[in-house]
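The values are calculated or read from the model by the stated rules, or taken from the named source; none is laboratory data. What you see is a predicted model; the values in this text were computed from it and never measured. Please note: Cβ atoms are built from the backbone with ideal geometry, for glycine as well, and neighbour counts cover all protein chains shown.
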Amino acid sequence: MRSPRSATGLLAALAVALLAGCASFRGEMESAYAGKPSRNADSRPVKVLFVFHHVRQTLGYDAVPKLVGKNHNVSGFDEILGDALPELSNLGSYATHTVEAADVNRPERRAQLDSLMRVSDYTVRIRLESTRRFSSQFLGSLASSLTATLLPVPYRKDYTLKAEVLDRERHLVATFERHTALRTWVEALLVFVYPFHPEERKREEIYVEFLHDLFRQMESEAVLKAL
């Protein structure tokens, strides 16, 4: 027979689960490539260095954007990159480098990046930014708490990709930019919607779409031409 204490614990766990309902929904990607996809006629392979900056900022709370690890905002980033690379038909050997906040005090890391850039035909610098507003989050959390999450409250996070392509002499060849937003709703009954719209999956979809669309445009416009 179940004890009153265990029954109380079960009810408490159920209440917490119901109060934790949320569901995330993506917006449309802005500045997506509108041209007709085509393959690069120059099939000679090039050596490319991909340099990643993963940045987050809470507007109104953080004074400056903060560099974070590549897996902070989305897990499995290496797999996401690997999934998008086949969009580049003449990609030969390549290397990756993720810039970290501590690099400002690590000359060996900066020297490593400089060395990789010198031996590469192209360097593709990709900055992935996520931003949210502290005021909206604070007021939304307050309203949600006062109503025991019975009032639907949205949290918006904006995602931006900025990319620069440099040649061997470090001349700027091309620039690209993409934008989208992720809106997460918190409300008790959304616990039944959550399995179909988890935030982690939606973030991953954003990164997948960003990189595929970026590389597809680079391929169609023959940005990575053999030097």
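Summary of values
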item	result
Complete set of residues in the stretch 80-130 that are crowded, with 19+ Cβ neighbours inside 10 Å, small (Gly, Ala, Ser) and over 30 Å from Lys157 (Cβ atoms)	Ser120
Inter-residue pairs, beta-carbon under 9 Å, first within 13 Å of Pro86 (Cβ to Cβ) and of a type outside the set (Lys, Arg) and in the stretch 206-227, second assigned to a helix (DSSP H, G or I) and at pLDDT below 95, 6+ apart	none
Of residues in the stretch 122-152 being at pLDDT 75 or above and β-branched (Val, Ile, Thr), the one farthest from Asn90 (Cα to Cα)	Thr131
All positions within the stretch 36-68 that are aromatic (Phe, Trp, Tyr) and exposed (fewer than 13 other Cβ atoms within 10 Å of the Cβ)	Tyr61
Qualifying residue in the stretch 195-207 (condition: outside any helix (DSSP H, G or I) and modelled with pLDDT under 90)	yes
Unique match (being under 16 Å from Arg125 (Cβ atoms), acidic (Asp, Glu) and under 17 Å from the mean Cα position of the chain (by Cα)) among Glu28, Glu79, Glu100	Glu100
Number of positions in the stretch 99-113 that are closer than 21 Å to Asn71 by Cβ and either in contact with a strand residue (DSSP E or B) (Cβ under 7 Å, 6 or more places away or on another chain) or of a type in the set (Lys, Arg) (or both)	6
Residue selected from the stretch 159-185 under the condition over 11 Å from Val223 (Cβ atoms) and touching a Phe, Trp or Tyr at 6+ places or on another chain (Cβ under 6 Å), by the criterion surrounded by the fewest Cβ atoms within 10 Å (Cβ to Cβ)	Arg183
